[in-house]
Structures are given as C-alpha cells and as structure tokens.
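Asker: Attaching a single structure in structure tokens format; questions to follow.
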Amino acid sequence: MVKISKFLAYLLFFLLMSIVFFPKTNLFYLVEKELAPEKIYISNEKIESRPFGLDLREASLSYEGVQSIKVKKAKFLLLFFYNSANIEDIKLSSIIANYWPQHIQSCKVEYMLFTPLMIKAIAKGDFGNLRAELALKTKHLKIFLKPSKIMLQRYKKTLHYFKKLENGEYLYEKTL
C-alpha cells in the first residue's frame, strides 16, 4: 500500500512539474501558426506565462485581413485533465453590429479529459446568456440562448435562425 501511494505521489509530482515547465508561450505561437492557413490572425497581444496557464491582454483577432474581435483580457488554464479559457471584455467588429450585439462581458470555454469529445462554452453579453456545446466526433454544435431585451427588440432577424423552446430559451443547432 505504501509503494502504491509513493508511486501515485511521484506520478502526480511529475505531472505537475511537466505542466509548470511546459513552454506555454511556444504553444500559443504554434496555435497562431496553425490558424494562419485559415486566414485567422492574432495581433497586438501581450503574453504573460504563468505556472499553470497563460495570460493574454489587448489582443486583436482578424479574419481575412478584417479586424473582427478585440479582447481586453484572456486567461488560459492549461492542466492535463482540465483546460479552460476565461475571456473578458470582448468587442466585436462594427460589421457584425447589424446581426449581433457588439459587446460580450465574459466567455468561458472548457475542455476536460473526462469528456474528450466535447467542448463547452458559457458567455454573457449584451445578447443575454449563452451556453454552447460542440461534439468533436460528430461536429454537432448546439447553442442555447436566453436573449436580453436588446436582442429581442433589435435583432429579431438573427433570432429567426434559432428555434424557440418552451422555457423561453432559443436553440441553434448545426453540424459543421
């Protein structure tokens, strides 16, 4: 019993030290390189590495040369069994303003080893509250939206793409 507990303690210590000393900044640059062929570019970012994550500030995301999103602050938690991104103060491009409110207060994206084929997200903004699930194997996306008054009044055309549920939420489903 003592040998098993020692083995588990050493294994846990090894995993923690691997995470702490993993070059997280290089991982971010690898992600940037992988997004480039899709014409998605991240610029003007200030990167700070932490023992179990990475902080990003003042980042701009462009798609096909058009600045689409500005992010004030993003915190990435990178653990072996649980990974998350907490993004705050997101401003969407004015091009999107006709279809969706421009300001998102917060967004949290989670990926867990225990559910490896599912990515979950929660967001809060001028549009209301949003929950999203992406099944990686089937590439099926589900978005549940509890719209705000602004969304209900000014973005009715966008809500036509959603199916209204009995509980007052709206559902958008698509296979990518």
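The values are calculated or read from the model by the stated rules, or taken from the named source; none is laboratory data. What you see is a predicted model, and the numbers here were worked out from it, not measured in a lab. Quick reminder, even Gly has a Cβ in these numbers, built from the backbone with ideal geometry, and neighbours come from all protein chains shown.
Asker: Pairs under 8 Å by beta carbon, first residue under 10 Å from Ser62 (Cβ atoms) in segment 30-44, partner part of a helix (DSSP H, G or I) and of a type outside the set (Phe, Trp, Tyr), six or more apart or different chains?
Answerer: If the second residue must be part of a helix (DSSP H, G or I) and of a type outside the set (Phe, Trp, Tyr), the pairs left are Tyr41/Glu32; Tyr41/Leu35; Ile42/Glu32; Ile42/Leu35.
Asker: Would segment 39-56 turn up any residue that is part of a loop (DSSP other than H, G, I, E, B) and either assigned by TED's automatic domain parsing to the domain that holds Leu92 or within 19 Å of Ile96 (Cβ to Cβ) (or both)?
Answerer: There is at least one residue in segment 39-56 that is part of a loop (DSSP other than H, G, I, E, B) and either assigned by TED's automatic domain parsing to the domain that holds Leu92 or within 19 Å of Ile96 (Cβ to Cβ) (or both).
Asker: Are any residues in segment 1-55 among the aliphatic types (A, V, I, L, M) and more than 15 Å from Phe80 (Cα to Cα), and if so, which ones?
Answerer: Matches in segment 1-55: Met1, Val2, Ile4, Leu8, Ala9, Leu30, Val31, Leu35, Ala36, Ile40, Ile42, Ile47.
Each row is one residue, and each column tells you yes or no for (1) surrounded by 16 or more Cβ atoms within 10 Å (Cβ to Cβ); (2) assigned to a strand (DSSP E or B); (3) at pLDDT below 90; (4) touching a Lys or Arg at 6+ places or on another chain (Cβ under 7 Å).
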{"site": "Glu58", "(1), (2), (3), (4)": "no, yes, no, yes"}
{"site": "Gln67", "(1), (2), (3), (4)": "no, yes, yes, no"}
{"site": "Ile87", "(1), (2), (3), (4)": "yes, yes, no, no"}
{"site": "Met118", "(1), (2), (3), (4)": "no, yes, no, no"}
{"site": "Phe144", "(1), (2), (3), (4)": "yes, yes, no, yes"}
{"site": "Lys157", "(1), (2), (3), (4)": "no, no, no, no"}
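Asker: Separate question: If we scan segment 4-27, do we find a residue that is within 20 Å of the chain's Cα centre (by Cα) and closer than 30 Å to Tyr155 by Cβ?
Answerer: no
Asker: Let me ask something else. Which of (1) at positive phi; (2) in contact with a strand residue (DSSP E or B) (Cβ under 7 Å, 6 or more places away or on another chain) does Gly65 not meet, given it meets every other one?
Answerer: Condition not satisfied by Gly65: (2).
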